[in-house]
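Everything below concerns the one structure shown next.
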Amino acid sequence: MEIKKIVLTGGPCAGKSEAAKLIKEKFTAQGYVVLFVPETATELISGGVCPWTTGTNLDYQIVQCKLQRFKEQMFDEAVRTMPQDKFLIVCDRGMLDNKAYMSDEEFDKCLEVLGTTEDEVNAGYDAIFHMVTTAKGLKEFYIFENNVARYETPEQAEALDDVLIKAWSKHPHHRIIENCATVDEKMNHLLSEISQFLGLE
């Protein structure tokens, strides 16, 4: 059984939703069962559990990290009950995305509560693909309508994009998908990088 677990991350309004559809289509055609772990922050914030509604930001981040880890564990368990032999698990953001929304002290406390380390978290993913926010150079395409949990201004999105890149920088297979002249070019770059990672032509 071949199981590959990757993270699709990036700054706000980077094209992850469109990318998810293309990943599903392309790699299903390549013989993979493609599964998606939904973005935890969007689920929680849409449901009213937010950094600004909980007691502190740390309280929220601990809840989010616990839920995210649980969902990923359930996907791992579910895959092992399936009859197919090639799986691609795509996490819509991973555990270290949360680091971008915490101070170093909060992040250390969060890891302590979860009983893990940053190296162990990194080791839980085979590859990280970061899609750069459209706020970097393509501000006319930066929109809020397609994500109810998006609240960052373009300037905040640019800064957050940089912090997210830094959060994952220690991972040995960390690829950055820059903005291109067209959306299709950017998506093709992403699909090409994932194909190379999987050892496909």
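The values are calculated or read from the model by the stated rules, or taken from the named source; none is laboratory data. Only a predicted model underlies this, so the values are computations on that prediction, with no experimental measurement involved. Using ideal geometry, Cβ is built from the backbone for each residue, glycine included, and neighbour counts are taken over all protein chains shown.
Residue check: Lys71 meets all listed conditions (1) within 27 Å of Lys26 (Cα to Cα); (2) part of a loop (DSSP other than H, G, I, E, B) but one, namely (2). Would you check if there is a residue in region 134-145 being among the aromatic types (Phe, Trp, Tyr), within 22 Å of His189 (Cα to Cα) and assigned to a loop (DSSP other than H, G, I, E, B)? The answer is yes; a qualifying residue exists.
The set of residues in region 166-183 being closer than 15 Å to Thr133 by Cα and either loosely packed, with under 14 Cβ neighbours inside 10 Å or in contact (Cβ under 8 Å) with a residue 12 or more places away in the chain (or both) consists of Lys166, Arg175, Ile176, Ile177, Glu178, Asn179, Ala181, Thr182, Val183.
Candidates in region 80-113 are the residues that are among the hydrophobic types (A, V, I, L, M, F, W, C) and farther than 28 Å from Ser17 by Cβ; of these, the one that is surrounded by the fewest Cβ atoms within 10 Å (Cβ to Cβ) is Val113. Evaluating Leu22 against the criteria (1) within 12 Å of the chain's Cα centre (by Cα); (2) at pLDDT 95 or above; (3) part of a helix (DSSP H, G or I) leaves one unmet condition, (1).
Checking each residue of region 61-75 against the condition of being surrounded by fewer than 13 Cβ atoms within 10 Å (Cβ to Cβ) and either of a type outside the set (A, V, I, L, M) or within 22 Å of His174 (Cα to Cα) (or both) gives at least one match.
Residue count for region 25-50 under the criterion of being of a type outside the set (D, E, K, R), under 19 Å from the mean Cα position of the chain (by Cα) and either more than 29 Å from Met187 (Cβ to Cβ) or part of a helix (DSSP H, G or I) (or both): the result is 8. The condition of being within 17 Å of the chain's Cα centre (by Cα) and in a strand (DSSP E or B) holds for only one of Ile165, Ile194, Ile176, that being Ile176.
Taken over region 37-56, the criterion of being surrounded by 16 or more Cβ atoms within 10 Å (Cβ to Cβ) and closer than 25 Å to Glu2 by Cα is satisfied by Val37, Glu39.
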